[in-house]
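Comments concern the structure below.
Coordinate-derived values only; no laboratory data. Because the structure is a prediction, the values reported are computed rather than measured. Every residue, glycine as well, gets a Cβ built from its backbone with ideal geometry; the counts of neighbours run over all protein chains shown.
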Amino acid sequence: MAKPTTYATPICLALSLLTVIGIILGLLNHNALLVTVLLLPVVAYEAYRTEGDSTRWASWVLLLLIIAELVMIVFKINFDLVTFTSRSTAYVGGYFVPLGDVKIIAPGLMAILALMLFFRTNGKYTKWLSVLIILSALVIVYSLDREIFKSILSTSLSQSFGFGLY
């Protein structure tokens, strides 16, 4: 059964404002925790709104990832996949993805799941929330490590469009 949309627009507007505040404060203070905390209600509402089997699964994984991200940031948990795997990149879905701290990988996975939600859903509110999650996930990565962000962006641009950041 479809979720009611009576209050969905004002809720999404409020969540958009919360996300923008989180992004601005996070960028100004170089603090990924602010972005992550203010993104949590967006992800929770996304989990509530999604209805399809694959989209519901993706939104619940998103919720678990953001909670894990909060725990890792708050308790300063560092787990470097480069030292664990002895490789600096992993071949995922036809692309070489740079590896690093799991605090960086989790928002990357959140962005991928949000993209999946964006393209697999018909709901305009789910699409709206997905865009907020993608933008916030990128800002979280940028706030945690600008060099890895630049590397990811350059790799994505070069593999998708044939040029990168030098």
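Across Arg146, Arg87, Arg49, mean-square fluctuation computed from a Gaussian network of the chain (C-alpha pairs under 10 Å connected) peaks at Arg87. In the chain, a dipole from Cβ-located charges (positive for Lys and Arg, negative for Asp and Glu) runs towards its positive end, and of Pro4, Tyr142, Pro41 it is Pro4 whose Cα lies farthest in that direction.
Label sites at Leu40 and Asp53, each approximated as a point 7 angstrom past Cα along Cα to Cβ, lie 3.2 nm apart.
Report the chymotrypsin sites (Phe, Trp or Tyr not before Pro) located in region 1-83 that are in a DSSP loop and have at most 14 other Cβ atoms inside 10 Å of their Cβ, or state none.
Tyr7, Phe75, Phe79
Computed from the Cβ-Cβ distance with R0 of 22 Å, the FRET efficiency linking Leu13 to Arg120 stands at 0.40. A cut-off of 5 Å between modelled amide H atoms, ignoring neighbours fewer than 5 places along the same chain, links Asp101 with Leu81.
Calculated translational diffusion coefficient of the chain (25 °C, 0.890 mPa s; Stokes-Einstein with Kirkwood radius over alpha-carbon pairs) equals 149 µm²/s. In the chain, the DSSP-assigned H stretches of four residues or longer account for a calculated mean residue ellipticity at 222 nm of -25000 deg cm²/dmol, using -39500 (n - 2.57) per stretch and the full residue count as denominator. Would you mind checking the tilt of helix 32-49 against the longest principal axis of the Cα atoms of the chain, expressed as 0 to 90 degrees and rounded to 10? Once rounded, the angle reads 40 degrees.
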